[in-house]
1. Tell me, yes or no, whether the range 306-317 has at least one residue that is assigned by TED's automatic domain parsing to the domain that holds residue 75 and without any contact (Cβ under 8 Å) to a residue 40 or more places away in the chain.
2. Here are the criteria: (1) in contact with a helix residue (DSSP H, G or I) (Cβ under 7 Å, 6 or more places away or on another chain); (2) at pLDDT 95 or above. Tell me which single one residue 181 does not satisfy.
3. Mind checking which residues of the range 87-110 are touching a helix residue (DSSP H, G or I) at 6+ places or on another chain (Cβ under 7 Å), surrounded by fewer than 24 Cβ atoms within 10 Å (Cβ to Cβ) and either part of a loop (DSSP other than H, G, I, E, B) or modelled with pLDDT under 95 (or both)?
4. Kindly indicate which of 184, 203 is part of a strand (DSSP E or B), assigned by TED's automatic domain parsing to the domain that holds residue 382 and within 13 Å of residue 231 (Cα to Cα).
5. Is it fair to say residue 285 is part of a loop (DSSP other than H, G, I, E, B), touching a residue at least 12 places away in the same chain (Cβ under 8 Å) and touching a strand residue (DSSP E or B) at 6+ places or on another chain (Cβ under 8 Å)?
6. Would you pick out the residues in the range 157-178 that are in contact (Cβ under 8 Å) with a residue 60 or more places away in the chain and in contact with a strand residue (DSSP E or B) (Cβ under 6 Å, 6 or more places away or on another chain)?
7. Counting only residues that are at pLDDT below 95 and not in a loop (DSSP other than H, G, I, E, B), which one in the range 236-265 is farthest from residue 387 (Cα to Cα)?
8. Looking at the range 331-359, which of its residues are within 28 Å of residue 313 (Cβ to Cβ) and out of contact with any helix residue (DSSP H, G or I) (no Cβ under 8 Å at 6 or more places or on another chain)?
C-alpha cells in the first residue's frame, strides 16, 4: 500500500453522527474521525463509531471538560470511510483543513492508522487511536499518534506461555497470518515467542488479507498435523477459516485467533462451531475497572448494550478510553493548543473503564492479553500469568462434538 496524506479528490458527505450546530460555538471541542461504518470491515469499525459517541455523550453529561476557568463540551464529527484506506486519508485531511476539528480519533485496523496518522503528523494535531497496534505505526518516530492497543508482536505472548502449562503439552505449531501490517507484525513477534518457548514451527503460511480461501493452507496443515494453530487476520477471514477447517476435518488440539472470539457477531455467525476457539482480549467488563465517567467497566458494558443493542468488546472499550484520554489531557494542558495537548497526552496516567492508561515513549500503551475461550457459547477468561478457569482442552475432533 502506498502511504500518502495528499488530498486525492473530493470527500463525499458521509458524516454519520455529529452535532452540527455545536461547531460554531466557542465552548465546544470537536473530535474528528473516519471509521469503517460500511464495507468489509464495518463489523469491527462500528465499535469505534459507537464508543466514541457514547464516551462523548457521557463526558458531556458529567459536565464536560474544564480548561482553565472555562468549561467545554465535546462534539464528534464522524465520517464513514467505507472500508477504503485511500478515502480515509482524504477524510482525515478534510477534517483538519476544512472542518477544522480540534483533535483526531483513529480508524480501525493498523493499515488505516499507518496512513491516516501521517495526516496527523503532517499537521501536528494529536491522534489517539485504539484500532491499530502494528509496530510500523510506532517505529517511525512520530510525535502525534498515541495507541491504546498493545504491540502486535506480543499478541500471542500469553497464549504461548499458556501452551507450556497444558497437559498434554503441545510440541508443534502452525502459524497462519494475513499479509497486512498488523498481521505481519503479529507473525514476526510470534515466531520469536515460539522459538523462545522451544516449540516447533511446523507450518508458517501467509494469506492475502480478505481473500477468504484457505483450502490449500489447511491441506498443508492437515498433512503436517500440528498440535496447535495460531491464526491472525480480520474477522471475516476468521469465520471462513473455521468453517473451512471444519469442512476439511482439520483437528488440532488447540486453535487460537487474534480476532473474532471476543465479539458477539463471531459467536452468532458460527453458532456451536464457535465453541472451543481460543482468542485474546485486553479487556473484559470487570467492575473493578473504574473511572470517573462511567463508574466501572460493567456499567459501560450495560450502557453500551442498551444504546446499541450488542455487547461491547475490547475495541469498543479502547475507543471509549481514547476519548477519555482527551478529557484528561486537555484539562491537564489547560489549553486547546495541539502541541500542549500532545505533551499532556504523552504524560497522562489515569484509570479508565478499559485499563490504566499510560502511553510509552513511542506513544503505545503496554497491556497484557487475557487468553479467552468460547465455552458453551460464552466467552470465558482462561489465562493471564496463570490459569483463571479450566480450559476445554484438548479440543475434540469436529465429528466428536455435541
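The values are calculated or read from the model by the stated rules, or taken from the named source; none is laboratory data. Not measured: the values here are computed from a predicted model. Note that we place each Cβ from the backbone using ideal geometry, even for glycine, and neighbour counts take in every protein chain shown.
1. Yes, the conditions are met somewhere in the range 306-317.
2. Result: residue 181 passes all but (2).
3. Scanning the range 87-110 gives a single hit, 101.
4. The match here is 203.
5. no
6. 158, 159, 162, 170, 174, 176
7. Looking at residues that are at pLDDT below 95 and not in a loop (DSSP other than H, G, I, E, B), I get 236.
8. 346, 349, 351, 356, 358
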